[in-house]
Amino acid sequence: MNALLIYPEWPDTYWSFKHALPFEGKRSAYPPLGLLTIAPLLPKHWNKRLVDTNIRPLTDSDLKWADVALISGMLVHKSEVLKILDRCRARGLKTVVGGPIASSVQELPMHADHVVIGEAEALMPAIVADIEKGSGDPVYKAEDMPMLASTPVPDLTLINPKYYSCMAIQYSRGCPFNCEFCDIIEIYGRRPRTKSPEQVLAELDQLNDMRWRGSVFIVDDNFIGNKKKVKELLPHVVDWNLRKGSPFTFFTEASLNLSDDKDLLQLMKDARFNRVFLGIETPVEESLKEAQKLQNTRRSLMESVRRIQAYGMEVMAGFIVGFDNDPEDIFDRQVEFIQESGIPMAMVGLLLALPGTQLYRRLQKEGRLVDEGGGNNMDLSLNFIPKMNAQRLVEGYQSILQRIYHPDAYYDRVRQFLEHFEPVAHTKRRLSDYQAFFRSILRQGVFGDSRRSYWKFFLEAATRYRKSFDTAITLAIMGYHFQTLTRAVLEPE
């Protein structure tokens with residue numbers, strides 16, 4: 001049996017980093033971890049091939065080789081997944097679709113032979129047996145949420161790491177909070193489940209053995225969902241990094257209550273975490289309460305950000321406009337907070353009612369839902385009827401992006417961050433780091449539209465922020481991605 005594992009191409013969003021990747025000669029930010037985790041659960045006598053279409057196109061010869069295609073993706077991949085399914089079915093190729101998209105797109109059974117809803121570890125034996133018999137159910141649905149002790153080490157032999165900007169591992173699934181707009185708690189539950197320290201170290205060993213050096217993304221939607229378990233894990237990571245010569249730095253996603261725990265912050269710093277993504281959403285407390293994001297209402301947002309930054313971690317953050325309780329001046333207040341907080345990479349999006357969420361169900365009940373949406377919160381076509389005038393909301397959103405990603409405003413935030421940033425211990429530079437440096441000078445300093453702002457920042461980085469020079473150049477490159485994408489949102493075709 002020849003199994004073809006297929007991952008769809010990312011659309012152009014903040015998270016794709018498509019405009020930054022060419023600087024370091026990479027094709028994708030991180031590998032398709034879900035498919036790589038499922039691969040070891042397939043029979044050893046099956047032949048496996050993975051096609052990440054962010055790396056190379058899916059060819060007719062790939063489809064001709066395969067007996068079954070296993071496809072994974074998110075809601076934002078919907079159009080690409082449907083195209084892939086059409087190609088497979090045109091050749092009579094049996095298809096299996098899983099991942100978060102299976103929980104979000106109700107019509108998938110009309111396009112795929114088998115749809116897998118939920119976490120697949122416990123379902124794989126039955127799915128494999130049915131495929132080998134040439135039979136099977138249209139939909140397989142996980143009865144419960146498995147503990148992660150049985151989750152295998154991902155099969156990284158199926159990819160070439162050189163095409164990726166960073167590697168990825170997963171430590172936990174689930175989040176204890178109850179944000180109305182979030183689909184993570186609907187798919188993975190509110191009781192965080194974790195891997196053991198031994199499982200995590202086995203994955204780090206694999207990355208180290210394949211000579212990966214650089215950044216590792218811990219993909220958990222809330223890495224600190226179970227603080228007790230995280231505190232048990234991190235000393236093992238600290239010790240591992242010391243024994244192995246510190247080959248990695250880490251970044252992850254976490255909730256803002258990370259700032260409450262100085263012991264945890266110190267452990268993350270010692271383990272070489274240098275970046276964390278936070279869901280801040282809005283500085284308006286009434287909107288946070290509306291969204292049931294109460295964990296952000298019990299503290300000063302600004303002080304929380306600064307405390308995390310003080311532990312050597314750059315804060316990336318998500319922001320949302322479109323809540324029912326957003327005041328008329330929400331756009332100015334978002335810009336003011338982002339600029340003051342020194343968050344260079346601020347990912348601002350329109351509120352999106354994702355299928356399966358409490359928000360989706362509420363808006364559906366209120367008769368305010370327009371469609372299921374495409375999963376991209378930069379899409380200017382709202383999938384619900386907002387309380388604020390829709391045109392006013394979209395134009396206000398565009399004004400935020402225009403202001404925060406103006407080169408001068410962006411570099412001001414980077415300067416503010418670097419002023420207090422203490423980088424983690426030095427990591428040996430890779431060839432791609434040097435390539436990125438020279439390409440930045442060429443694309444941004446020689447041919448860029450904002451050459452004056454770039455060179456002013458570059459000279460400051462080389463003198464005033466010398467100890468953080470690598471970080472400064474990385475953020476300049478990230479700025480190029482955000483500015484390019486912002487132009488596309490401001491000038492839609």
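The values are calculated or read from the model by the stated rules, or taken from the named source; none is laboratory data. Fair warning: this is a prediction, and the values are worked out from it, not measured in the lab. Please note: Cβ atoms are built from the backbone with ideal geometry, for glycine as well, and neighbour counts cover all protein chains shown.
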Practice task
Looking only at segment 224-268, count how many residues are within 27 Å of residue 29 (Cα to Cα) and not in a helix (DSSP H, G or I).
Solution key: 15
Handout entry: Set 431, 442, 475: member being within 22 Å of the chain's Cα centre (by Cα) and either of a type outside the set (Lys, Arg) or at pLDDT 95 or above (or both)
Key = 475
Exercise for the section: Taking residue 428 as the residue in question, decide whether it is basic (Lys, Arg) and not in a helix (DSSP H, G or I). Expected result: yes
Problem - Residue check for residue 6: surrounded by 23 or more Cβ atoms within 10 Å (Cβ to Cβ) and either of a type in the set (Phe, Trp, Tyr) or in a helix (DSSP H, G or I) (or both) - result: no
Problem - Yes/no for residue 399 being at pLDDT 95 or above and of a type in the set (S, T, N, Q) - result: yes
Fill in the blank from the handout: Expected single match for touching a helix residue (DSSP H, G or I) at 6+ places or on another chain (Cβ under 6 Å) and either assigned to a helix (DSSP H, G or I) or on the phi > 0 side of the Ramachandran plot (or both) among 334, 364 is 334
Fill in the blank from the handout: Checking 39, 90 in turn, the sole residue that is aliphatic (A, V, I, L, M) and touching a Leu at 6+ places or on another chain (Cβ under 8 Å) turns out to be 39
Exercise for the section: From (1) under 30 Å from residue 444 (Cα atoms); (2) part of a helix (DSSP H, G or I), pick out the condition that doesn't hold for residue 56. Expected result: (2)
Practice task
Check 345, 302, 316, 378 and return the single one that is in the same structural domain as residue 188 (by TED's automatic domain parsing), modelled with pLDDT under 95 and either touching a His at 6+ places or on another chain (Cβ under 6 Å) or of a type in the set (A, V, I, L, M, F, W, C) (or both).
Solution key: 378
Practice task
Give segment 422-447 a look and list any residue that's under 12 Å from residue 471 (Cβ atoms) and either touching a Phe, Trp or Tyr at 6+ places or on another chain (Cβ under 8 Å) or among the β-branched types (Val, Ile, Thr) (or both), or say none.
Solution key: 424, 427
Handout entry: Enumeration of residues in segment 335-364 that are over 21 Å from the mean Cα position of the chain (by Cα), among the polar types (S, T, N, Q) and farther than 20 Å from residue 307 by Cα
Key = 358, 364
Problem - Selected residue [surrounded by 12 or more Cβ atoms within 10 Å (Cβ to Cβ) and not assigned by TED's automatic domain parsing to the domain that holds residue 35] from 109, 154, 100 - result: 154
Handout entry: Residue selected from segment 438-491 under the condition closer than 28 Å to residue 394 by Cα and of a type in the set (Val, Ile, Thr), by the criterion surrounded by the fewest Cβ atoms within 10 Å (Cβ to Cβ)
Key = 484
Problem - Exclusive hit being part of a loop (DSSP other than H, G, I, E, B) and outside the structural domain of residue 79 (by TED's automatic domain parsing), set 352, 393, 359 - result: 352
Practice task
Please indicate, with yes or no, whether at least one residue in segment 455-476 is more than 19 Å from residue 309 (Cβ to Cβ), outside the structural domain of residue 331 (by TED's automatic domain parsing), of a type in the set (Lys, Arg) and outside any helix (DSSP H, G or I).
Solution key: no
Completion exercise
Considering segment 431-454, residues that are part of a helix (DSSP H, G or I), free of Cβ contacts under 8 Å to residues at least 24 places away in the same chain and not charged (D, E, K, R), and then whichever is nearest to residue 246 (Cα to Cα), we arrive at 431
Problem - Filter result for residue 103 (of a type outside the set (A, V, I, L, M), within 19 Å of residue 137 (Cα to Cα), modelled with pLDDT under 95 and touching a strand residue (DSSP E or B) at 6+ places or on another chain (Cβ under 7 Å)) - result: yes
Exercise for the section: Consider residue 342 carefully, then state whether it is touching a Lys or Arg at 6+ places or on another chain (Cβ under 7 Å), over 27 Å from residue 259 (Cβ atoms) and either surrounded by fewer than 20 Cβ atoms within 10 Å (Cβ to Cβ) or touching a residue at least 40 places away in the same chain (Cβ under 8 Å) (or both). Expected result: no
